[in-house]
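The values are calculated or read from the model by the stated rules, or taken from the named source; none is laboratory data. Note that the coordinates shown come from a computational prediction; the quantities given were computed from them, not determined experimentally. For neighbour counting, all protein chains shown are included, and Cβ atoms are generated from backbone atoms with ideal geometry for every residue, glycine included.
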Amino acid sequence: MRHPDAIQRLINRFCALPGVGQKTAQRYAYAVVNMSDEDAKEFAEAIVQVKEEVKFCSVCGNLTDKEVCDICSTRDNSVICVVAQPKDILSIERVAGRTFVYHVLGGTLNPLEGKGPNELRIKQLLGRLDGVKEVIIATNPDVEGEATAVYLARLLKPMGIKVTRIAQGVSMGSEIEYADEVTLTRALESRTEI
């Protein structure tokens, strides 16, 4: 069975979203078809509003509806936590004591995808270092995240700034039996006294 063109177009647009496969996109499209006209208009208006109003903070690169985000405008900037994407800030904010500001790189080093230092917001980070005591590197513990962390550490250490990396290891609730060697090695190396 072939979908009407309008539904197929909507399915294709949903498929363009990260993590949305064909079946999920189809379910989303049919959910839109089954919405009331008012709900569908509100859904479409919410998408348009996000595109029109949300921008990147001119200081840190976080998402905001202002020139400078609330975090940059209200917190002490002596400690900067470097993340790859704005969504990483949300995760850290859930657990951190809200004592530092952020810097969003806009990705990680990835030569295979053509992402070198000039494609990331590294120059902007270097421009923010006056008065900074520590830079926390909170990129993902994958090859690209590690390469980015090492690159930044080599760049920042000669400036006399303390550079730290978030600890990595076996996650809470997981079983050691299923942890890979790199994770277990890091967990053992980052162990703390109890």
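Applying the selection to region 4-31, what residues are over 17 Å from residue 47 (Cβ atoms) and free of Cβ contacts under 8 Å to residues at least 12 places away in the same chain?
Scanning region 4-31 gives 4, 5, 8, 19, 21, 22, 23, 24, 27.
Specify the residue that is nearest to residue 104 (Cα to Cα); the eligible residues are those in region 31-77 that are surrounded by 11 or more Cβ atoms within 10 Å (Cβ to Cβ) and of a type in the set (Lys, Arg).
55
Identify all residues within region 155-187 that are in a helix (DSSP H, G or I) and under 18 Å from residue 84 (Cβ atoms); write none if there are none. Lay out the reasoning, then the answer.
First, pick out the residues of region 155-187 that are in a helix (DSSP H, G or I): 155-159, 176-178, 181-187.
Passing the criteria: 155, 156.
Could you tell me whether region 88-109 includes any residue that is part of a helix (DSSP H, G or I), among the polar types (S, T, N, Q), assigned by TED's automatic domain parsing to the domain that holds residue 160 and more than 14 Å from the chain's Cα centre (by Cα)?
Residues of region 88-109 that are part of a helix (DSSP H, G or I), as a first pass: 88-95.
Now restrict to residues that are among the polar types (S, T, N, Q): 91.
Retained after the next criterion (residues that are assigned by TED's automatic domain parsing to the domain that holds residue 160): 91.
Filter again for more than 14 Å from the chain's Cα centre (by Cα), leaving none.
Checking region 88-109: not a single residue is part of a helix (DSSP H, G or I), among the polar types (S, T, N, Q), assigned by TED's automatic domain parsing to the domain that holds residue 160 and more than 14 Å from the chain's Cα centre (by Cα).
Test residue 80 against the stated conditions and say whether it is surrounded by 12 or more Cβ atoms within 10 Å (Cβ to Cβ) and under 30 Å from residue 124 (Cα atoms).
On the way: surrounded by 12 or more Cβ atoms within 10 Å (Cβ to Cβ): yes; under 30 Å from residue 124 (Cα atoms): yes.
Taking the combined requirement at face value, the residue satisfies it.
Enumerate the pairs (first residue in region 134-146 and touching a residue at least 40 places away in the same chain (Cβ under 8 Å); second residue anywhere and among the hydroxyl-bearing types (Ser, Thr, Tyr) and surrounded by 15 or more Cβ atoms within 10 Å (Cβ to Cβ)) with beta-carbon separation below 7 Å, excluding pairs fewer than 6 apart on the same chain, so at least 6 apart or on different chains.
Within 7 Å, the pairs are 139/108; 139/148; 145/108; 145/139.
Go through 187, 147 for me and flag whichever is within 20 Å of the chain's Cα centre (by Cα) and either surrounded by fewer than 10 Cβ atoms within 10 Å (Cβ to Cβ) or not polar (S, T, N, Q) (or both). Talk me through it step by step, then tell me what you get.
Values: 187 fails: within 20 Å of the chain's Cα centre (by Cα).
Answer to the selection: 147.
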